[in-house]
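Structure first, commentary second.
The values are calculated or read from the model by the stated rules, or taken from the named source; none is laboratory data. Remember, it's a predicted structure, so these values are computed and weren't measured experimentally. Ideal geometry is used to build each Cβ from the backbone, glycine not excepted, and the neighbour counts take in all protein chains shown.
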Amino acid sequence: MLTGAGISAESGVPTFRDAQTGLWAQFRPEDLATPEAFLGNPQRVWQWYEWRRELVRKAEPNAGHRALVALAQRVPRLTLVTQNVDGLHQRAGSTGVVEYHGNILRDRCVAEGIVVDRSPLSITGLPECGRCGELVRPDVVWFGEPIPRAALLQADAAAGDCDVFLSIGTSAAVYPAAGLAEQARNAGATVIEINTEATEITSRVDLALRGPAGEVLPRLLELLHSH
Ligand code: BV8
């Protein structure tokens, strides 16, 4: 399965399609979540990420996240690939989560390319690596950056070898994540979409369940229990 920002919407984490609120209304995520934006104005990009980190820290997993934890115990094999960087699946209890676009709560050293603790002090006002003093960035995948190799391979393997593929709360606009549903379908899987609206792939799925993930997923689980 693939989840997107829609599954965290009911936890109060704004989706990318929702207009950016308040201070960030003037920016498009595509213009902030890029290496160029970070190199050009690291202060502004870090302000955006610190704002989002605060939202994520205050957010709690919702019934949709929890239903996926229960689902994993009901089926022989389940691979949860998420585009979300909020870590809410893990906080709900999901294990083996494939973080296709990284995780906003981790820092990565720009020079060493590894996840690090930031140094307690910073001379430049920007967070610096606790090991080498270089700049740190959020450990997420920006537009124009490759998907982490392990995540790419795990997601590919799962999409190519599954009976059912759930596309949950994603506008299916960003690649290569959005290609996983097609890949699963071509490999013979039944593709089910759970979304409050139609998306770019709705016309190509086997079943489109229209509604909030926090309501649809628990209902799906009830149906599974009754069979
Ligand atoms: C790559 C992490 C190549 C960061 C994200 C032109 C120029 C440059 C690149 C491209 C280009 N054209 C295409 C590309 C490729 C590009 C791309 O696809 N661009 C798009 C805009 C066209 N992709 C990339 O750049 C990727 N990398 O291609 O690398 C490469 C290869 C080798 C070597 C070098 C390079 C990397 C893309 C990753 C970007 N990072 N996030 C951060 O979070 O800050 S993307 C971000 O937006 C999310 O992670 C997610 O993937 C994406 C879309 O968000 P969604 O999750 O779908 O959320 P969205 O708001 O869109 O929709 C919410 C949905 O939920 C809606 O459908 C709504 O109806 C629904 N919903 C709402 N409430 C609910 C609900 N559903 C259910 N229940 C509810 N309650």
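Quick notes
- Residues of the stretch 195-212 satisfying the condition of being touching a residue at least 60 places away in the same chain (Cβ under 8 Å) and either in a helix (DSSP H, G or I) or buried (at least 17 other Cβ atoms within 10 Å of the Cβ) (or both): Asn195, Pro212
Residue by residue, here is whether (1) more than 26 Å from Glu215 (Cα to Cα); (2) surrounded by 13 or more Cβ atoms within 10 Å (Cβ to Cβ); (3) not assigned by TED's automatic domain parsing to the domain that holds Ala9 holds:
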| site | (1), (2), (3) |
| --- | --- |
| Tyr49 | yes, yes, no |
| Leu55 | no, yes, no |
| Arg66 | no, yes, no |
| Arg74 | no, no, no |
| Leu78 | no, yes, no |
| His89 | no, yes, no |
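- Exactly one residue out of Ser122, Ser94 is under 25 Å from Val174 (Cα atoms) and among the hydroxyl-bearing types (Ser, Thr, Tyr): that is Ser94.
- Being within 19 Å of Ser167 (Cβ to Cβ), within 13 Å of the ligand (Cβ to nearest atom) and not in a helix (DSSP H, G or I) holds for only one residue in Arg17, Arg77, and it is Arg17.
- Check on Asn103, within 23 Å of Glu197 (Cα to Cα), within 11 Å of the ligand (Cβ to nearest atom) and modelled with pLDDT of 95 or more: no
- The listed residue being near the ligand (Cβ under 9 Å from one of its atoms), part of a helix (DSSP H, G or I) and either modelled with pLDDT of 95 or more or not charged (D, E, K, R) (or both), out of Glu182, Glu215: Glu215
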